[in-house]
Each structure stands twice: as C-alpha cells, then as structure tokens.
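Colleague: For reference, the structure I am asking about is given below.
Each reported figure results from applying straightforward, stated rules to the coordinates on display, with no laboratory input. Just so we're clear, the structure is a prediction, and the values are computed from it rather than from any experiment. Note that we place each Cβ from the backbone using ideal geometry, even for glycine, and neighbour counts take in every protein chain shown.
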Amino acid sequence: MRTDTPQAIRLSDYRPPAFLIDEVALTFDLHPTATRVTARLQVRRNREHSEPLRFNGERLKPISVAIDGRVLSDGERTIDDEGLTIPSAPDAFVLETEVEIDPENNKALEGLYMSGGRFCTQCEAEGFRKITFWPDRPDVLSRFTVRVEADRSFRHLLSNGNLIEQGELEGGRHYAVWNDPFLKPSYLFALVAGELDVLEDSLVTMTGRTVELKIFVDPGMAPRAAYAMDALKRSMRWDEEAFGREYDLDLFMIVAVRDFNFGAMENKGLNIFNSSLLLADPATATDADFERIESVVAHEYFHNWTGDRITCRDWFQLCLKEGLTVFRDQSFSADMRGHAVQRIKDVKALRARQFAEDQGPLAHPVRPSSYLKIDNFYTATIYEKGAEIIRMLKILLGAEAFRAGMDLYFERWDGHATTVEAFIKCFEEASGSDLSHFFAWYEQAGTPRVSLESQYDEAAKTLTLNFAQETPPTPGQPVKQALPIPIAFGLLDGEGRPLRFEHDGEPQDETVIVLDQPQASITLTGVDRFPVISALRGFSAPVVLTTDLEPKDKYVLLAADPDLFNRWEAGQELARDLILRRAAGSPDEVNEERYADALGRALSDQSADPAFKALMLALPSEPDLALVMSPADPQAIHEARDALRTRLSVHLESQLRELHNGLQDLGEFSPDAEGAGRRALRNAALDLLLANPRSDNAAYAHGHFEAAGNMTDAMAGLSALMQVGGEAFGQALADFYERWTSEPLVIDKWFAVQARDPSETAIGRVMGLTAHPAFDTKNPNRLRALVSTFANFNPARFHDPSGAGYRFLADQILAVDRFNPMIAARLVDPLGGWRRYKPELGALMRAELERIAATAGLSKNVYELATRALA
Ligand code: 0A1
Ligand code: ZN
C-alpha cells in the first residue's frame, strides 16, 4: 500500500504561472546513458507577486544552476524529487541549468529515451520535466532553439521547427541547431537522433508555399511509409478546404518509433508515431491498419492548429484539443471513406469504450475537475465523447455558423493557451446563440438515457412523440440535470417508403428537435399513413435511446431506412434482443429465422456498399452485449452469440459461399475504401461461414489462409482457423510465426490472434506466451498485443469462472508498473467494470483490484485507477 496519499490537482486551484519563459536555448550532448542537457532560459516574473521560483524536474542529476552567469550556492536553491526552488529570484533574468539524464535506462518512455538504438522524446503531458528544470505546464509558451550534439553514428539530429545550422565536431561527433519560430509549451518539444531512412515529398499550400515533407523510419522501411505520406498530403489539403487552415512551417517531419506508450504525438513540426500507426504495405498490414494510419496521420497533422497553435491553458482543458481534433479526423475519414460507414465505425468505438467507461467507476466528465495523474485522463470520454460534443454543436448551429465559430476561435486564440469556455464563447458570438445550457455536456458525466413513445391519430393524421431523458448517477455526481440533446428523425411508412410530415406547419422529410427538458412532447401533423419512426438518425447525440418500436417496425428500418446508420442500428438491435433471449434461456427461433431472412435480403441488395454490408453482417460484440445485460454473464453471452451465429450461418450458407468466392481480389491490391470494403465483406462472410460446424471447415479456412495474397486476408484466414482450433490452427500459427519472425508488427498480430482465442485451453496458452522469447513486456505494442487484447477482446476467457484471467491481468499490471506506470495504468480498466458482472465474477475481479491497491510502491497512475475502481 502507498503510505502517502497522493494529492489531487483541482481545476478550481488554477493560478496563472508565476514565471514565464520567453526564449530558451537548449543544448543536448547526447550519450545513451549520460546525456548532458544545458538550458539557458530568459525568465520573467509574471505579474506582481513575491512567490519563490519553483520549476518541475524529476530524475535529473543536477550539475549546476546559475542566474545571470553566477552559479548559485546550495543555500540559494534547493532541489528535491519534484523540482528546483529558488526562494528569491529577480524579476527578469537568465537562468542557466545543467543536468545529466540516462535515456538508455528510461523504460517509462517519458522524457528522453532510447528506442531501437535511437534517441527520442515523449513530453506530453509531463515528460519535459524529466529532461530539464522547467515550469512544465501548457500555459507557459516559449520560443525554442535547440542544439543537438551526438556521435556521427546518430546520423539524423532532429528537433522542432527549422534547421538553421549543422556541422562536424571533434571526436567523431556532429551537431545540428533547430529553431522553432512558433511559441509552444514544453509538452510539444521533440528531439530524435539516430540512423534512419527518410521518405521525402513536398506539397504546395493554398497560398503557394512549398512545404517539404519527410517521414523518417527504420533503415529499409521507407517504402512502407508511402501510404502515410499520401494520407499526410490528403490531410493537409483537406484542412485547407474544410477549415481554411494552412500549414505554417516550411518543413513537416514524422518519425516512427517502435517503443511508444500511446499512438502518436503532435510535436510541432516533428510528429512522433508508434511505428504500428505509420508503417504499412499490403503484405504486412491489414486494411484496418491502413485505415487507422490514415486517421492518425490526419489527427496529428490537424493538431497543428487545434493543439499546437492554440493549446490548452491547463490539463483539465484536454478535450479542447483532443475532442476537437478527433472531430476533425472523423470528418476527414468520412470524406475519404464514406459518411455512413465511418459513422457506424465511430459509434461502435464510442459505445464499446466510452459508454462502458461511463457505466463504471471510472466515469468522468469530458472536462474533469480533479485528477492525480493527468496521464490517466487520455480516455475515450475526453477523446470520443469530446468529439461528439463538437458534432452536436455543429448540428445545433448549422454548418455555416459552426465554421464561423471555428474561424473566430482561430483568429482570437492563435498563439495562446486557452479554455473550453473561451472556445464555446466564439460559437456564441459567431452564431448569436446562448450556449450556457449546452456547456453542461462538458461538466456532467454519464450517458443520458432517452426514451421515445409515440401515438398516431389516424383520423387527425397527427403523430405525437413523447420524449423523456435521464442521466444515471456517476461517481461524485449523484444528481443530473437535463441536457440539450439534438434528435434527428424522419418517418417511413409500413412499406418502407419515406413519409413526409409537417413540423411547426413546415413540410419535412427529416428534422432535428432539441430535447432540453426532462420531458418533451411534440406533435407532427400531415402524417398520412401509419408511421415507423426513424429516430436519432446518424446518431445525432451520444445517448442510449429506447423506443416503443416493435420488431416489425425495426424490420422496416433494416430493409429501407434511407439513413444508413439507422438501417444498421435496427439490425443490431434485433440481433441483440435475439442473443439476450438466448442468453436468458428462451430462444426466439421464429424471429431468428426472420432475422436471417432479413439479413439475406440486405446482403443481396446490389445497390449497397460492400463495406456497409460487412458491418450489417457483424453481430453486436460480446463486450457490447455485456453492457446491456444485467448482471452480465460473459459465458452465457458467448454461447448465445455463437448459437445465433451458427443459425445464421446455416441459413445463409449458399449466399455466404457466393460472397466468399465472388469477391476475391483479382487485380492489384489497393488499400482504398472500395478495395477494403470488398475484402471486409468477403472476410465477414468467411467468419460467419465458419460458425456452421461442418466437417470441411478446417480445409475451407486453411484454403483461404494459404491463398491469401495480403495480410488482411491472411489474418482473416488465421482467425477462421482459430475458430476451427486444434491441429489446423496450431500448424498455421507455426507457419505464420516462421514466415514473419523478423517483422515485429506482424508478430504483434500473431500474439493478438492467440489472445483472442475463446476456446477453453486458450488461457493456458496466453499465459505461456509471456515466456515466449519474442514476448517483451518493455515494448508497449507487444504487451498490448497479448495482455490488452486478452483482457478487452476475449471476454469468455478473461472472465473465466476460475478467476485465472483476472489474476493474470493483475500480475501483469504489477510487473509493468515497476518500470512503465502509464502503460500499467491503462491495463486496469477491464477490472473496473466489476459491479456489472455476476456476483461470483465481480467478487473475483474486486479481489484482484484490492490486491493491486494493497501493493507496496505502487505508482500514482495505478494507485489512482485501482482506488477509483474500488470506490
Ligand atoms: N496528444 C496525443 C496523445 C498522446 C498523449 C500522451 C502521450 O504520451 C505517452 C502520447 C500521445 C494525441 O492525441 O495523439
Ligand atoms: Zn490528439
């Protein structure tokens, strides 16, 4: 157990920084185990106060501290575990510090560390304090000049901004000096040094400036950066067209590293990426990888305006840059890959991660009001729900006023660190609307439940819609207020034809109402036939909607709703109810046949996009089903879902085989939406085919695996063989491993597919894999491939009644916490839902959380999450 109770940081305690730094010159004398960092800061007291100077600094070996050229004595400054204090600092002065750090032994991967023999940095949120003494907070904005010196074997020496000088030094060393003309907070600082290959290109911006583009990767990997480069150019063009935002420096660089805690990082002019989100070719990456790369490259690039040029005043405002930037990358992906398909995928991810978070002990508002470790708040709520809020803002204001608000925000706040209030104020001013009520979306945690009941009056041709909303309590917020919820809807008749109606006397095909009270009732007129309501079209708000629609109405929507999101949603709801009935022991076989027929018709719709059909074919996931079953019984869900899959498979067999045979890639592989959509449908058909327990399954799956001409199909084959199990799967795994041993990103997939295996013997294999020579807990990608995949995507085995799955996860958390608290903390989440599960499982989960919380020497990161999960 921790003997000290870590102090919470509160939004209400925010004070402007006591000291500002206008300019900084940093010098890095790089050596793997002993790097010298010299910092020369132009410091000035901010406003009138007499506070001592207190800068952050952790794990720094101090060499010297000087003010205006005079070295301070021990009595004039103190240095403790958390930083440097100078009790009486002048009002304006030059502070020079020199420290030594040890990148080689930095396995927390924050600050300056080594990955694959190269130096690299990660400073968000609080890593810069592990590099030098600094007021490490996002509202201190400075101009950086950085000199990097290293052995010549570290061929490329990179930092933010423009290269202004480089040359040779004695003793086989060389140097480079970088200057970043833009003001930035320390968390956007970056440095990379090492032997790298580079892929180069350029882009002419909207005002005719040429920007050089460089992607640095492991030697030999440059061809695998081609897709990322293409995605970067499309992102840059899109930001000009959609938001009028042009890139500002003459150079934009991206570096791929193999050891990285998260996905990627938006450092000014020098993005650093987890190599899994940058490198791709058809042989080694799946369509899902290509899609992720496109979206993450866009996300980090878009941060240049929403994050870098305008940053957060404090970390409570994290959604200001993250929610907004996710909204921007989702809009980009929708333009690249199709709006309906993208929306469905985004909502699936939102529900799986954010709705789950909101239902558990870790629920928090999009703008939290206190934290122990900000690293723990890089959550689905801040990112994905944050994006939903922006999306609602656009729906409420309309595209034009939304754009005017964004323009005003860029104009007003460029070069500053600001707040969510200041952001919303721009939209109030640009649109003339009062958004004070809307602001509650940022401060209130929890997913609103909206119910809709309707009454049709055939004689009067009116339809009355009665809405009610309620948000369940979340930790620390027992009482909730009503939120403004935009609900887009339209009507269909019983034959699936769009049905016009009048709202406020205006004829409409579709409309949006804003539900801002606990209850509301609206009456539509001119409704000529009995209507089927298609509500919350496009998922116009992040809520759980329940309606009084009957299954027959949902079949109408499934067959014909012009809103493709709701067409998909109707299918999901029908399937969900069928699975839950089975899980409760009372299968509805008549409706299962009906559902299979409806799915068959949807699959034969020639006008539908294959990517959309692939989504239609996938049943709700087991974790999604666990969220709607109370208490959740993962084994029952697994069996019920499998049983429905078998039924569908038998019923649709000839159609599935036709899809599988007919959709083979003939020409060259293209990672675009169209090619990916065809492969997705073909592989979804294969997946379902395998649910039919036929004797030729092993041969069929093996045939697919052997014939695969790209990684997407190979992985689909391997997953299919996993369903078959036994010798066939074992042999394929062995062949796959042998073929790809020297490709770490592919070996990650090899670990992940085994972690997903729901068969009873799989848990032993997963545990055994931690002793495999290729397993490496220090590499976050490898750890995630095995441990996170197991805990998050293999509910049947993670929730094994023996408790072995929980124990395994807790052991991993404790082991990893000793060197990488950020990553260890991210593994706690699957145990957090313990209250939602069957009591016998919940008790076992809770016991593991208690064991974690009681461990001596726990990091603040894990301590915070384990104790919140138990509260
Ligand atoms: N700002 C990044 C996310 C990020 C945060 C912390 C990191 O350090 C471990 C890394 C990346 C983004 O939104 O992409
Ligand atoms: Zn981001």
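Colleague: Helix-only mean residue ellipticity at 222 nm, the chain, DSSP H runs n ≥ 4 weighted -39,500 (n - 2.57), per residue, nearest 500. What is it?
Modeller: Calculated at 222 nm, the ellipticity per residue is -12000 deg cm²/dmol.
Colleague: May I ask you to derive the relative contact order of the chain, considering only C-alpha pairs under 8 Å and at least 6 residues apart, and to give it as an integer percent? Write out the running numbers ahead of the final one.
Modeller: Working: 1703 pairs, mean separation 76.9, N = 871.
Relative contact order of the chain: 9 percent.
Colleague: Shifting gears a bit: What's the Cα-based Rg to Rh of the range 690-748, Rh via Kirkwood?
Modeller: 0.98
Colleague: Can you give me the orientation-averaged projected area of the convex hull built on the Cα atoms of the range 31-121, in nm²?
Modeller: Orientation-averaged projected area of the Cα hull: 6.5 nm².
Colleague: Roughly speaking, what is the centre-to-centre gap between the range 265-334 and the range 189-206 when only Cα atoms are used, to the nearest Å?
Modeller: When both Cα centres are located, 16 Å separates them.
Colleague: May I pose another question? Tell me, what is the Rg over Rh of the range 393-529, with Rh the Kirkwood radius over Cα pairs? Mind showing how you got there, number by number?
Modeller: Numbers: Rg = 18.6 Å, Rh = 17.5 Å.
Over the Cα atoms of the range 393-529, Rg/Rh equals 1.07.
Colleague: Of the listed peptides 248-256, 37-45, what is their order by residue-averaged count of other C-beta atoms within 10 Å, with the highest listed first?
Modeller: Listed from highest to lowest mean packing, they are 248-256, 37-45.
Colleague: Sticking with this one: How big is the range 786-866 by the Kirkwood estimate over distinct Cα pairs, in Å?
Modeller: Result for the range 786-866, one decimal place: 12.4 Å.
Colleague: In addition: For helix 226-243, what angle does its Cα long axis make with the longest principal axis of the chain, in degrees from 0 to 90 and rounded to 10?
Modeller: With both axes taken from Cα atoms, the answer is about 90 degrees.
Colleague: Could you order the peptides 409-420, 787-798, 341-352, 293-304 from most to least packed, using the average number of other C-beta atoms within 10 Å per residue?
Modeller: For the peptides 409-420, 787-798, 341-352, 293-304, the packing ranking is 293-304, 787-798, 341-352, 409-420.
Colleague: Can you tally the net charge around P839? Count Lys and Arg as +1, Asp and Glu as -1, for every other residue whose Cβ sits under 12 Å from the Cβ of P839.
Modeller: +2
Colleague: In whole Å, what are the extents of the range 156-258 along the principal axes defined by its C-alpha atoms, from largest to smallest?
Modeller: Over the range 156-258, Cα extents along the principal axes are 51, 33, 26 Å.
Colleague: Considering the convex hull of the alpha carbon atoms of the range 1-154, report its projected area averaged over all viewing directions, in nm², one decimal.
Modeller: For the range 1-154, the mean projected area of the Cα convex hull comes to 10.9 nm².
Colleague: Show me the three semi-axes of the equivalent ellipsoid for the range 251-363, from the C-alpha gyration tensor (sqrt of 5 times each eigenvalue), largest first, rounded to whole Å. Show your work: numbers first, answer last.
Modeller: Values: eigenvalues 95, 86, 45 Å².
Over the Cα atoms of the range 251-363, the semi-axes work out to 22, 21, 15 Å.
Colleague: Could I ask something else about it? Per residue Cα convex hull volume for the range 718-831, in cubic angstrom?
Modeller: 92 Å³
Colleague: Apply the Karplus curve 6.51 cos²θ - 1.76 cosθ + 1.60, θ = phi - 60°, to the phi angles in the range 37-54 and return the couplings in whole Hz, x for Gly and Pro.
Modeller: Listing the rounded values in order: 10, 10, 10, 10, 10, 8, 9, 9, 5, 8, 6, 8, 7, 10, 5, x, 7, 9 Hz.
Colleague: Can you tally the net charge around D259? Count Lys and Arg as +1, Asp and Glu as -1, for every other residue whose Cβ sits under 11 Å from the Cβ of D259.
Modeller: Result for the neighbourhood of D259: +4.
Colleague: Summing +1 for each Lys or Arg and -1 for each Asp or Glu, what net charge is found among the other residues whose Cβ lies under 10 Å from the Cβ of I131?
Modeller: Details: positive: R59, R129, K130; negative: E58, E110, D136.
Residues near I131 contribute 0 overall.
Colleague: What fraction, in whole percent, of alpha-carbon pairs in the range 477-527 exceed 13 Å separation?
Modeller: Cα-Cα pairs in the range 477-527 separated by more than 13 Å: 65 percent.
Colleague: Please give the per residue volume of the convex hull enclosing the alpha carbon atoms of the chain, rounded to a whole number of Å³.
Modeller: That works out to 167 Å³ per residue.
Colleague: For the range 416-466, what is the convex hull (Cα atoms) projected area averaged across all directions, in square nanometres? Could the numbers behind the result be given before it?
Modeller: Numbers: hull surface 24.8 nm².
Convex hull of Cα atoms, orientation-averaged projection: 6.2 nm².
Colleague: Sorted from largest down, give the three principal axis spans of the alpha carbons of the range 651-764, whole angstrom values.
Modeller: Extents along the principal axes, in whole Å: 37, 34, 19.
Colleague: Taking the alpha-carbon centroid of each part, what is the distance from the range 380-431 to the range 497-541 in angstrom?
Modeller: First find each Cα centre; the distance between them is then 27 Å.
Colleague: Per residue and in cubic angstrom, what volume does the convex hull of the Cα atoms of the range 568-723 have?
Modeller: Dividing the Cα hull volume of the range 568-723 by its residue count gives 115 Å³.
Colleague: Send over the semi-axes of the range 201-288's equivalent ellipsoid, whole angstrom and largest first, taken as the square roots of 5 times the C-alpha gyration tensor eigenvalues.
Modeller: 24, 14, 13
Colleague: Another question, if that's okay. Taking one equal scatterer on every alpha-carbon of the range 448-546, how large is log10 of I(q)/I(0) by Debye at q = 0.13, 0.22, 0.25 1/Å?
Modeller: Each listed q maps to, in turn, -0.47, -1.13, -1.38.
Colleague: Which whole-number percent is the relative contact order of the range 1-94 (Cα, under 8 Å, 6+ apart)?
Modeller: It comes to 26 percent, rounded to a whole number.
Colleague: I want to verify the translational diffusion coefficient of the range 474-618 in µm²/s; compute it with Stokes-Einstein, Rh as the Kirkwood radius over Cα pairs, at 10 °C and 1.306 mPa s.
Modeller: Translational diffusion coefficient: 94 µm²/s.
Colleague: Okay, next question. Binning at 5 Å from 0, report for the range 572-661 what percent of all alpha-carbon pair distances ends up in each bin.
Modeller: For the range 572-661, the binned pair fractions read 3, 14, 26, 23, 17, 11, 5, 1, 0 percent.
Colleague: Based on the Kirkwood radius over alpha-carbon pairs, what is the Stokes-Einstein translational diffusion coefficient of the range 310-418 at 37 °C with 0.692 mPa s viscosity, in µm²/s?
Modeller: Estimated diffusion coefficient is 221 µm²/s.
Colleague: Follow-up. On alpha-carbon atoms, Rg over Rh for the range 111-171 using Kirkwood Rh?
Modeller: Numbers: Rg = 13.5 Å, Rh = 13.7 Å.
Taking Rg over the Kirkwood Rh, I get 0.99.
Colleague: I need the phi-derived Karplus couplings for the range 731-739: 6.51 cos²θ - 1.76 cosθ + 1.60, θ = phi - 60°, integer Hz, Gly and Pro marked x.
Modeller: Karplus-based 3J(HN,Hα) across the range 731-739 equals 5, 5, 4, 5, 4, 4, 4, 4, 5 Hz.
Colleague: Do any of K130/K778; K107/K860; K214/K345; K321/K385 go past 21 Å between their Cα atoms, and which? Each step should come with its number before you reach the end.
Modeller: Numbers: K130/K778 19 Å; K107/K860 16 Å; K214/K345 31 Å; K321/K385 13 Å.
Table pairs above 21 Å Cα-Cα are K214/K345.
Colleague: Cα centroids of the range 591-652 and the range 433-452: how far apart, whole angstrom?
Modeller: If we compute the Cα centre of each part, the gap is 32 Å.
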